Amino acid sequence: MAKFKMIQSQKELLRLNIQFFGDGDDPKSLAAQIQSGFEELKKAAEKQETEVKKFGQATQETKDEMKKINEAMNEAKKRLDELEAKANRVYQTGQGNGELDKEAKAKNAAFYEFMRKGRADMNPDQRKALVADQDGQILIPEELDREIQRQLPETAIFRSLVNTRNTSADRIRKRRMNEVTVGWGKIEVNTKTLADYESELNPADYYIYIENLNGLTKIGTDELEDTDVQLQQYLSSSFAQAAAEEEDKAVLVGCGHTQEEPEGILTAANVERIMSANVGAVESDDLIKLMYALKSAHRKNGVWVMPSFMEMTIRTFKNSNGDYIWQPALTAGTPNQLLGFATYTQDDFPDFAAGADQVVFGDFKRGYTIADRSGSTIQRLNELYIEEDLIGFKFKKRVGGGVDRPEAFKVLKIKA
């Protein structure tokens, strides 16, 4: 039924000579359709404005045309959302038919055999079941990769705060645009026109690049004799812990793609600094000033992130009534509160000193994106630690990150 309505809408639009629909139903084609529809909508809006100036109101034909364009764009947007949701479900659950499940089990068994013995001591069928990337590194099975991904938010503070997405590309193209302008009144019966409400669209393309995050662990030969389940638990916990710590550091102070790192909030361009009132010191008024420097749309979703030393200092601050402005969490597992907003500790800030960045307050969900690329790999280092009766494993995870909206963050800088 939904398909019939979509086809019907297409025919109606074609009668109006609005042929912005493509033939494809893939994400790229749908995105192009939505963009083309947006251009057609702008043309229809200009036509409506001309009619209002000429006749005092828009014709019914033009109103119907704009309505149908909007409906068609919504349909394309709906299909795009459904495709993305389906792709995410497949990534999260590893859905597949019986043959794929059988193949996946064979790959899993081959992977753990590789972990225990190395490629040279595996039989030909097992070696054939191993999956390698273009560099010859062994790909981690999806089940283990998903388990590492699942554990990351439990260890890394930023994973639960920012926007995350999956990708199969080496970079994600994103677009920043200014906010939409709105206004009151009926255009048809007053002196205002669409031009009074028109937004100046200033799109700017930017990319989030996928970088390589490398880690190393050493496993005793006795531990390698454990069951597949125990070995998986050990690997997922070990790799997730190491990846989480380095990822958190990169989100805060990463040097960006030129240094083969994610872009950090403190290193991104155009993130505004608010200076403390006094040289080499922070007061409670500085925090209030920082909080209200953020626009209300972002402030309502704001959280604090600061180093341990700053947290210790702020916990001693009191208001004019002698009450501490710091509010400890009342429930285990929930964050502490500062001035009514959740607080998190991250110790990769610069050391406390005049001129140093010390506190971030912002809307992390709308302001920052972490992009995960599936296909983590592992390399077995057979001889490097053999005298210690250990086998080394080099782990490579592909992940990127970048600031989406610099205006979603404010940083407290110590006055120099």
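Values as computed for the structure displayed
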| read-out | value |
| --- | --- |
| Computed E for Asn163/Glu61 - FRET, C-beta separation, R0 41 angstrom, nearest 0.05 | 0.50 |
| Accessible area, probe 1.4 Å, largest first, for residues Phe309, Phe239 | Phe309, Phe239 |
| Positive-pole candidate from Gln379, Val399, Ala416, dipole of segment 375-416, charges at beta carbon | Ala416 |
| Estimated distance in nm for a label pair at Asn74 and Ile386, the labels positioned 7 Å out from Cα along Cα-to-Cβ | 6.8 |
| Cα-based radius of gyration of segment 202-256 once divided by 2.2 N^0.38 Å, which approximates compact folds | 1.69 |
| Other-chain or far-sequence residues with amide H under 5 Å of Gly256's (modelled H) | Glu261, Glu263, Gly264 |
| Fully extended contour minus Cα-Cα distance, from Asp347 to Ala297, at 0.36 nm per residue | 15.2 nm |
| Cβ-based net charge around Asp133, under 11 Å, with every Lys or Arg adding one and every Asp or Glu removing one | +1 |
| Thr331-Ser237 FRET efficiency (beta carbon distance; Förster radius 22 Å; 0.05 resolution) | 0.30 |
| Value in Å of the Kirkwood radius, where segment 322-416 supplies the Cα pairs that are averaged | 17.9 |
| Cβ-Cβ FRET estimate between Asn214 and Asp121, R0 fixed at 25 Å, reported to 0.05 | 0.45 |
| Relative contact order of segment 336-414, defined on C-alpha pairs under 8 angstrom at six or more residues apart (%) | 39 |
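The values are calculated or read from the model by the stated rules, or taken from the named source; none is laboratory data. Just so you know, these numbers come straight off a predicted model, no measurement behind them. Methodologically, a virtual Cβ is constructed for each residue, glycine included, from the backbone with ideal geometry; neighbour enumeration extends over all protein chains shown. Heads up: the accessible areas ignore ligands, DNA and RNA and are worked out on the full protein's heavy atoms, side chains in. Shrake-Rupley method; radii C 1.70, N 1.55, O 1.52, S 1.80 Å.
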